[in-house]
Amino acid sequence: MAILTLGVTTESKDVKVAHSENNKIINNILSDLYSIGINREDIQTVDISIKKAYDYGDGKQTFRGYEVVHILKIVVRDINLVGQSYTLAVENGTNSDININFTASNLEKYYDRALVLAVKDAVDKGKLMANALGVRIKKVPSNISEVVMSQTPRPNPYQFAVMDAKEISTPISEGVLEVKAEVNAVFCTY
């Protein structure tokens, strides 16, 4: 599965116009995403803001208008829909914060497996090092702790520039998601 983050930024001297244009673009994106099978519960507004925009030059601040930003997070469960979702968003006017991250829906299960393997590996390496030193260690570590990493192991996010979606297809390759767990183990010798 993939997490598609996308944003729409609109600007106008009239805040109502900027807001209305933004809503229109977001609604078109949502409509098209629903039409290809993306579920409503898999789409979440991450941020929405309205702020004044200024130009700066010659030591002056000049009011340019109002900027409306709406950022969505879309969970695309069918990996085959990632490219199409991205293309539809671009065709409908997404123009900021475009990002795709691949993950797994059952990531915790894989992390738990990796953690078990990390503990076994720590014990094996403890024995190996003890043998190299000519000492014996107790079978169970006297202290073992999980090294806390980011909760969501992520490959490098794929950042995409906004381009004319009608002139390109959007091939998306999901690649391999690596899940890592790390432990620190302390053994007592005897």
Taking Val123 as the residue in question, decide whether it is assigned to a helix (DSSP H, G or I), buried (at least 16 other Cβ atoms within 10 Å of the Cβ) and not aromatic (Phe, Trp, Tyr).
-> yes
Where residues in segment 58-80 are at negative phi and out of contact with any strand residue (DSSP E or B) (no Cβ under 7 Å at 6 or more places or on another chain), which of them is modelled with the lowest pLDDT?
-> Asn80
For segment 81-99, state whether one or more residues are among the polar types (S, T, N, Q) and within 30 Å of Ala185 (Cβ to Cβ).
-> no
Just one of the numbered conditions (1) farther than 28 Å from Thr9 by Cβ; (2) modelled with pLDDT of 90 or more is not true of Ile100; which one?
-> (1)
Considering each of Ile50, Ile36 in turn, give the residue that is touching a helix residue (DSSP H, G or I) at 6+ places or on another chain (Cβ under 8 Å), without any contact (Cβ under 8 Å) to a residue 40 or more places away in the chain and either over 16 Å from Val76 (Cα atoms) or surrounded by 12 or more Cβ atoms within 10 Å (Cβ to Cβ) (or both).
-> Ile50
Residues satisfying the stated conditions in segment 5-22, i.e. farther than 22 Å from Ile38 by Cα and in a strand (DSSP E or B) = Thr9, Thr10, Glu11, Ser12
Quick one: count up the residues across segment 25-78 that are in contact with a His (Cβ under 6 Å, 6 or more places away or on another chain) and part of a strand (DSSP E or B).
-> 2
Which pairs have Cβ atoms under 9 Å, sit 6 or more apart or on different chains, and link a residue in segment 102-130 that is farther than 16 Å from Val186 by Cα to one that is part of a helix (DSSP H, G or I)?
-> Phe102/Ile79; Phe102/Val82; Ala104/Tyr110
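The values are calculated or read from the model by the stated rules, or taken from the named source; none is laboratory data. Everything numeric here is computed off the predicted structure, so don't read it as measured data. FYI the Cβ positions are ideal-geometry reconstructions off the backbone, even for glycines, and counts take in every protein chain you see.
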